[in-house]
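Asks: One structure coming up, written as structure tokens, with questions to follow.
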Amino acid sequence: MKRRIGILTGGGDVPPLNAVIGSAYRQAESVGVDLVGIARGWQGLFEMDLVDLSRLSIDLSIGGTVLKSSRVNLNKVDGSREQIQRALSRLGLDGLIVVGGEDTLSNAFLFRDVPQVLISKTIDNDVGINEPGEIVNYFTLGYPTAAQKISSLVSLKEGLRTTAYSHERIMVVESMGMHAGWLALASSMGHPDFIIIPEFPLNYDLLMEKVVERYRKERSVLIVVSEGARWENGEYISADESEKDNFGHPRFKGGAESLAKRLKTDLKTHFDTRNVNAVNPSYIYRAGKPNQLDYNSAILLGKEGVDLFSNGISEPVLLTISDGKDGFKAETIDLRGQTGIDKFHRFVDSRYYDPAEFQITPEGKSYLSKIVSEVDEVEYGAKREITRRV
Ligand code: F6P
């Protein structure tokens, strides 16, 4: 009998989701698997809300997800396990392709006996293998596009550096990323002066010192702060994190605002601080079409996801992108013995970030350079580049 597999997308959307769905659908057609869409992630499975993919014309290069998304924590819903199992059997589904971040994927562990391919996606880049002592080049779907976007956004050629220069501003730009600094770190390819990530509590006095020194020299400073970054006392820089999502994670608000406000006050003794500004691009990081690396990776993972069923998986496996000898490749990770995704929750490696300079290290750069292209050729300072051109 023809196998019937469901595909769902959960958590924060990323640009290459339609490419995964479209590619999985194409492959399913070609190998004789019946692939059905499930609307709004795990929520749609509860409600048995199916989407007939054969009736949709999916533009693979458009962002967002035709299947829509939700953040549902099945551990918090009474009887969710039984309800989902009932839905799977009523819908005649032999397995699932679950495309999500840490939270969406963690729900899958409630159904160990259901064959599932868990495809990691999130602009936060915080799911992958995190072996201590080993630097592994994994990335999650959506990260390449968002990473490129943030580096363009702060750069001289395409971003904020020019207005910082023209108006002699100190600009604080907020990055998404939750508790991981991967996205903020990626901005280094657009050369901001300083980057603050959650993995290292902010030494504010040192930052002040560096900002004063840099501003005296360049007359403009660009700082990128990750939304989940903390002051040295452990409190969040974010102005408000009281609103929580279904997994209890804070929905950060105003980290750049709050750091800019403090700098505005404290730097007054050194210079005019009227042009200390905060910018929060927020959902812009998740918007738009996937870049080439994201698109190609999504096509690869969608196809591989279906092939894994044809090869006969019997339990959940994690499917991600890793760095092989001949470039990035799809990698399947056995989840036997794992009770959750925790082992695969990964943060910025301490070798990638220098807290004394608030900057990426050469090792960090070598990780990123395979995923993000450098936007400007110069190391620091619009001034140098602009005056050179003049
Ligand atoms: O997990 C991805 C992410 O973009 C985080 O970086 C961010 O904190 C969060 O989603 C915000 O998402 P939402 O407002 O949709 O809950």
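The values are calculated or read from the model by the stated rules, or taken from the named source; none is laboratory data. Every value quoted in this text rests on a predicted model; they were computed, and no experiment measured them. Neighbour counts are summed over all protein chains in view; Cβ atoms, including those assigned to glycine, are modelled from backbone coordinates with ideal geometry. Quick note on the areas: whole protein, heavy atoms, side chains included, nothing else; ligands and nucleic acids left out. Shrake-Rupley method; radii C 1.70, N 1.55, O 1.52, S 1.80 Å.
Asks: Ignoring ligands, DNA and RNA, what accessible area per residue does the chain give at 1.4 Å, in Å²?
Replies: Accessible area per residue, the chain: 42 Å².
Asks: Also: With each run of n ≥ 4 DSSP H residues scored as -39500 (n - 2.57), what mean residue ellipticity at 222 nm is computed for the chain after dividing by its residue count and rounding to the nearest 500 deg cm²/dmol? Walk me through the numbers on the way to the answer.
Replies: Details: 12 runs with 122 residues, N = 390.
Only helices count here, giving -9000 deg cm²/dmol.
Asks: How far is helix 17-31 tilted, in degrees, relative to the longest principal axis of the Cα atoms in the chain, given as a value from 0 to 90 rounded to the nearest 10?
Replies: With both axes taken from Cα atoms, the answer is about 30 degrees.
Asks: On C-alpha positions alone, give me the angle between the axis of helix 204-218 and the longest principal axis of the chain, in degrees, nearest 10.
Replies: It works out to around 60 degrees.
Asks: Over the range 77-173, what is the mean sequence separation of C-alpha contacts under 8 Å (at least six apart), divided by residue count, expressed as relative contact order in percent? Mind showing how you got there, number by number?
Replies: Working: 90 pairs, mean separation 16.0, N = 97.
Relative contact order, the range 77-173: 16 percent.
Asks: Then there is this: At a 10 angstrom cut-off on C-beta neighbours, averaged per residue, how do the peptides 106-118, 215-227 rank from highest to lowest?
Replies: 215-227, 106-118
Asks: Sort the following peptides by mean Cβ neighbour count (other Cβ atoms within 10 Å, averaged over residues), highest first: 265-275, 199-209.
Replies: 199-209, 265-275
Asks: Right, here's the next one. Net charge within 10 Å of TYR367 by Cβ-Cβ distance, Lys/Arg positive one each and Asp/Glu negative one each, not counting TYR367 itself?
Replies: My count for the surroundings of TYR367 gives 0.
Asks: Relative contact order for the chain: what percent, with Cα pairs under 8 Å and sequence separation of 6 or more?
Replies: Rounded, it is 22 percent for the chain.
Asks: May I pose another question? Relative contact order (percent) for the range 193-294, with alpha-carbon contacts under 8 angstrom and 6 or more residues of separation?
Replies: About 21 percent, as a whole number.
Asks: Taking only Cα atoms and a 10 Å spring cutoff, compute GNM fluctuations for the chain and point out the largest among GLY142, GLY302, GLY288.
Replies: The residue that fluctuates most here is GLY288.
Asks: Residue farthest toward the positive end of the dipole of the range 199-249, with Cβ of Lys/Arg at +1 and Asp/Glu at -1: which of GLY248, ILE237, VAL211?
Replies: VAL211
Asks: Rounded if a/c is under 1.5, else prolate if a/b is larger than b/c, else oblate: which is the range 37-150, with a ≥ b ≥ c the root eigenvalues of its Cα gyration tensor?
Replies: Oblate shape, in that a/c is at least 1.5 and b/c is the bigger or equal ratio.
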